[in-house]
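See below for the structure under consideration.
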Amino acid sequence: MLNRQEKDQIKHLITSPQWDTLLRLRDIFIKEIQDRHPIGDTEWDTLKQTLEKEYEVQGINRFLQRIIEETNA
């Protein structure tokens with residue numbers, strides 16, 4: 001659990017221009033993940049690689065969402 005000072009620091013970050021830069025980096029990173037071609041040796045490898053890509057994207061978004069939620073808690 002974050003203390004009040006840490007929450008204030010995060011709140012300052014998400015209201016600063018640096019946050020927009022971080023979101024742009026997120027978008028670039030997600031596009032790179034999505035652009036990888038998940039062709040495996042078998043259909044199961046392909047499915048696994050496709051799911052792994054989706055989990056990576058979800059993880060990035062979940063982390064950033066958690067940052068925002070912490071400032072509201």
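So, of the residues in segment 37-56 that are part of a loop (DSSP other than H, G, I, E, B) and in contact with a helix residue (DSSP H, G or I) (Cβ under 8 Å, 6 or more places away or on another chain), which turns out to be surrounded by the most Cβ atoms within 10 Å (Cβ to Cβ)?
Selected residue: Pro38.
Gly59 meets each of the listed conditions (1) surrounded by fewer than 12 Cβ atoms within 10 Å (Cβ to Cβ); (2) closer than 30 Å to Met1 by Cβ; (3) touching a helix residue (DSSP H, G or I) at 6+ places or on another chain (Cβ under 8 Å) apart from (3). When Gln34 is tested against (1) surrounded by fewer than 11 Cβ atoms within 10 Å (Cβ to Cβ); (2) polar (S, T, N, Q); (3) within 21 Å of Gly59 (Cα to Cα), exactly one condition is not met: (1). When the criteria are applied in full, Thr21 fails the requirement of being at pLDDT below 95 and either hydroxyl-bearing (Ser, Thr, Tyr) or under 19 Å from the mean Cα position of the chain (by Cα) (or both).
The values are calculated or read from the model by the stated rules, or taken from the named source; none is laboratory data. As the structure is a computational prediction, the values presented were derived from the model and not from experiment. For neighbour counting, all protein chains shown are included, and Cβ atoms are generated from backbone atoms with ideal geometry for every residue, glycine included.
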